[in-house]
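For reference, the structure discussed in these notes is given below.
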Amino acid sequence: MSHYLLEISYTPEAWAAQLEDPKDRTEVIRPVLESVGARFECLYYAFGDRDIVGIIEAPDNVSVAAISLAFSAGGALKSCRTTPLMTVQEGMDAMRRGFRAYGVYKPPSQAAGAPAGGREKVRSN
C-alpha cells in the first residue's frame, strides 16, 4: 500500500458547524477511507493554511482521488490536497533509476545536433 499526505482546509461555515457540535473527525472520515480500502496512519489539526493534516495509506492513486472527490463534493472544504509519499528506500530507488535515465535523456537544446546548453559557441579572434 502507498502513503499519501492529506491536507484539508475547512470553510468558515464548516468551522461554525463544528464549534456548535464538535466531533472526532477521524470517526467521521474513517468510513470514507475504508470504502476504498484506505486507512489513517495519523491525523492532526494544524494552524496556518491547512486545518487538518494527515497521513493515509491507500491501495492506489485512483482510491485517493476518489476520497478527495468525496470530501470536496461535500461542500465543507475550501481545499483538499493529496500528495503521494515515498519511503526513503523508494526515494533512493528513484534516484538510482533517475541517474540511469539521466544518462539517456537528451534535453531539447541538445537534440538534433544542437550544441550543449542550447547556445552556439561564440568565436573570438
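The values are calculated or read from the model by the stated rules, or taken from the named source; none is laboratory data. All values reported here derive from a predicted model rather than from experimental measurement. Here the Cβ positions follow ideal geometry from the backbone for every residue, glycine too, while neighbour counts run over all protein chains shown.
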**Request:** Could you please give the count of residues in the range 68-93 that are β-branched (V, I, T) and touching a strand residue (DSSP E or B) at 6+ places or on another chain (Cβ under 7 Å)?
**Result:** 2
**Request:** Please go through the range 9-39 and pick out each residue that is touching a Ser or Thr at 6+ places or on another chain (Cβ under 7 Å) and outside any loop (DSSP other than H, G, I, E, B).
**Result:** S9
**Prompt:** Does C80 fit the bill of being farther than 13 Å from S9 by Cα and in a strand (DSSP E or B)?
**Reply:** no
**Request:** Return the total of residues in the range 71-111 being within 30 Å of R30 (Cβ to Cβ) and of a type outside the set (D, E).
**Result:** 20
**Request:** Go through the range 57-78 and count every residue that is touching a Lys or Arg at 6+ places or on another chain (Cβ under 9 Å) and either at pLDDT below 95 or not assigned by TED's automatic domain parsing to the domain that holds R39 (or both).
**Result:** 1
**Item:** Residues that are hydroxyl-bearing (S, T, Y) and surrounded by 12 or more Cβ atoms within 10 Å (Cβ to Cβ), drawn from the range 25-53
**Value:** T26, S35
**Message:** Any residue that is farther than 18 Å from T83 by Cα and in contact (Cβ under 8 Å) with a residue 40 or more places away in the chain - is there at least one of those in the range 32-44?
**Reply:** no
**Request:** Could you grab me the full set of residues in the range 45-67 that are free of Cβ contacts under 8 Å to residues at least 40 places away in the same chain and of a type in the set (G, A, S)?
**Result:** A46, G48, S63, A65, A66
